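Read through the structure below, which is laid out as structure tokens, and then see the notes.
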Amino acid sequence: MTPGARLQAAIDILDTILTGKPAEQALTNWGRGNRFAGSKDRAAIRDHVFDCLRCKRSFAHLGGRADGRGLVLGLLRDAGTDPAALFTGQGYAPAPLTEADAPNPAPMPRGVALDCPDWLLPAITHSLGPQTDDVLRAMRHRAPVFLRVNLARATRADAVALLAQDNIATRPCALAETALEVTENARRLRQSRAFTEGVVELQDAASQAVIAALPDLAGARVLDYCAGGGGKALAMAARGADVTAHDADATRMQDIPERAARAGAAITLQTQPNGLFDLVLTDVPCSGSGTWRRAPQAKWALTPERLTQLAGIQRSILRQAWDHVRPGGRLLYATCSLLDAENSQIVAGFTADTANATLGAIQRLTPLDGGDGFFSAIILKES
Ligand SMILES: C[S@@+](CC[C@H](N)C(=O)[O-])C[C@H]1O[C@@H](n2cnc3c(N)ncnc32)[C@H](O)[C@@H]1O
């Protein structure tokens with residue numbers, strides 16, 4: 001496909017997404033209907049689509065319109081590329097420019113320039129203070145791909161060498177001693193020896209940092225109360241913890257046995273949590289505001305009502321999970337959110353209302369640290 005044809009494909013897919021379709025579904029449907037497109041074409045189109053979704057407000061301003069065509073015009077103008085050279089109408093390229101394609105001549109308001117919904121800007125500013133604009137600017141760009149080295153299988157240096165045999169280039173990331181950033185050929189990862197033999201797993205560096213900060217995991221009885229696909233359960237098992245995974249939706253845990261087998265780890269699954277544990281992790285459902293580089297549609301879909309609903313879910317999970325912490329044990333509350341309403345306010349409310357709970361160490365990470373935005377807080381249970 002020519003560069004122009006790839007842009008037209010992105011325009012068509014964006015127009016579908018703007019009707020409310022999930023991005024992944026729209027991309028898959030397009031791929032099925034256009035089987036002539038090679039893997040490089042599909043990757044380039046996907047990048048265009050996600051770049052536009054991340055920067056929807058500012059690109060619509062630069063493109064002079066909020067549809068797929070406007071967003072792609074904004075993408076090009078933002079990168080300093082003259083769209084006229086690509087919007088030629090030749091072959092499958094987008095139709096030539098008209099007056100309707102001129103940029104919006106007004107100055108960009110702050111929320112538009114930062115690609116943040118207006119209603120959210122005060123809450124984010126309250127949470128991030130002087131870092132707000134830099135964090136929001138960082139969220140306008142693609143997130144790096146990170147791997148977690150399974151130290152039970154190999155050292156980080158050995159993992160780098162094994163990945164290099166499959167032409168996957170990586171570099172160490174300072175957020176955790178297990179973390180590698182993929183710098184070339186990330187798309188080959190799932191076929192690589194390092195992945196199939198359980199030497200590396202895909203996991204964001206901030207998630208790794210949260211587990212890396214936990215002392216004394218070796219031999220500890222741990223309950224991962226919201227285990228999902230088991231990313232953090234596996235990271236704790238690799239540190240020598242005796243991990244039990246639970247999730248209200250058991251189907252979310254279906255890949256854990258296969259992932260654990262690949263990693264050489266033993267993880268017990270419980271559909272009904274049972275017993276007392278040294279450590280309970282609640283990696284609760286949240287706005288995902290720390291991951292909006294990778295899931296940009298969620299940024300535009302979040303509403304104040306949903307945020308209130310999430311806070312109710314977070315408080316309720318914390319109360320349920322607390323019953324499984326042994327006296328003298330710890331709970332680790334975690335979200336991939338940047339918002340105080342889901343983070344410090346939830347743990348402060350819980351410790352204020354719970355006689356035997358004391359707030360311990362808190363860790364806050366933003367995309368400026370390299371990985372996703374992440375919040376974690378230890379809550380200690382008196383003996
Ligand atoms: C952020 S995800 C967990 C991601 C996972 N810890 C990981 O590292 O891959 C949150 C999970 O909480 C689960 N969940 C939602 N409500 C719950 C509840 N009341 N009790 C336990 N799990 C719940 C969801 O099904 C979802 O899998």
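Residues being at positive phi and more than 15 Å from the ligand (Cβ to nearest atom) are entirely absent from the range 292-310.
Here ALA174 fulfils each of the conditions (1) within 16 Å of the ligand (Cβ to nearest atom); (2) among the aliphatic types (A, V, I, L, M); (3) part of a loop (DSSP other than H, G, I, E, B); (4) within 22 Å of the chain's Cα centre (by Cα) apart from (1). Of all residues in the range 134-154, those satisfying the criterion of being in contact with a helix residue (DSSP H, G or I) (Cβ under 8 Å, 6 or more places away or on another chain) and assigned to a helix (DSSP H, G or I) are ASP134, VAL135, LEU136, ALA138. Quick check: is even one residue across the range 163-175 of a type in the set (Lys, Arg) and surrounded by 13 or more Cβ atoms within 10 Å (Cβ to Cβ)? No, the range 163-175 has no match at all.
Within the range 185-234, if we keep just the residues that are more than 16 Å from the chain's Cα centre (by Cα) and among the basic types (Lys, Arg), the residue that is surrounded by the fewest Cβ atoms within 10 Å (Cβ to Cβ) turns out to be ARG190. The single condition among (1) in a helix (DSSP H, G or I); (2) of a type in the set (A, V, I, L, M, F, W, C); (3) within 14 Å of the ligand (Cβ to nearest atom) that ALA261 does not satisfy is (3).
What do you reckon, is LEU162 assigned to a loop (DSSP other than H, G, I, E, B), more than 30 Å from VAL49 (Cα to Cα) and aliphatic (A, V, I, L, M)? Walk me through it before giving the result.
Working: assigned to a loop (DSSP other than H, G, I, E, B): no; more than 30 Å from VAL49 (Cα to Cα): yes; aliphatic (A, V, I, L, M): yes.
Criteria not met by LEU162.
Quick check on this structure: which one of ALA84, ALA60, ALA66 is part of a loop (DSSP other than H, G, I, E, B) and modelled with pLDDT of 95 or more? Answer to the selection: ALA66. If you take the residues of the range 320-355 that are outside any helix (DSSP H, G or I) and among the polar types (S, T, N, Q), which of them is farthest from the ligand (Cβ to nearest atom)? By that ranking, first place goes to THR354. Considering ALA233, ALA169, which residue is over 30 Å from LEU75 (Cβ atoms), modelled with pLDDT of 95 or more and outside the structural domain of ASP47 (by TED's automatic domain parsing)? Going through ALA233, ALA169 in turn, the sole match is ALA233. Just to be sure before I move on: is THR244 free of Cβ contacts under 8 Å to residues at least 24 places away in the same chain and either under 25 Å from ILE313 (Cα atoms) or not assigned by TED's automatic domain parsing to the domain that holds ASN150 (or both) in the structure I sent? No, not satisfied. List the number of the failed condition for PRO285; all other conditions in (1) within 14 Å of the ligand (Cβ to nearest atom); (2) touching a Lys or Arg at 6+ places or on another chain (Cβ under 9 Å) hold. The one condition PRO285 does not meet is (2).
In this structure, is SER316 assigned to a helix (DSSP H, G or I) and within 15 Å of the ligand (Cβ to nearest atom)? Criteria met by SER316.
Just to be sure, is GLY231 touching an Asp or Glu at 6+ places or on another chain (Cβ under 8 Å) and within 8 Å of the ligand (Cβ to nearest atom)? In short, yes. Screening the candidates ALA250, ALA237, ALA266, ALA298 for the property of being buried (at least 19 other Cβ atoms within 10 Å of the Cβ) and of a type outside the set (Val, Ile, Thr) yields one hit, ALA237. Could you list, in sequence order, the residues of the range 286-305 that are touching a residue at least 60 places away in the same chain (Cβ under 8 Å) and not polar (S, T, N, Q)? Matches in the range 286-305: GLY290, TRP292, ARG293, ARG294, PRO296, LYS299, TRP300, LEU302, PRO304.
Looking only at the range 145-155, how many residues end up being surrounded by fewer than 20 Cβ atoms within 10 Å (Cβ to Cβ) and within 26 Å of LEU368 (Cβ to Cβ)?
1
The values are calculated or read from the model by the stated rules, or taken from the named source; none is laboratory data. For clarity, every value in this text was computed on a predicted model and none was experimentally measured. Every residue, glycine among them, receives a Cβ derived from its backbone with ideal geometry; neighbour counts consider all protein chains shown.
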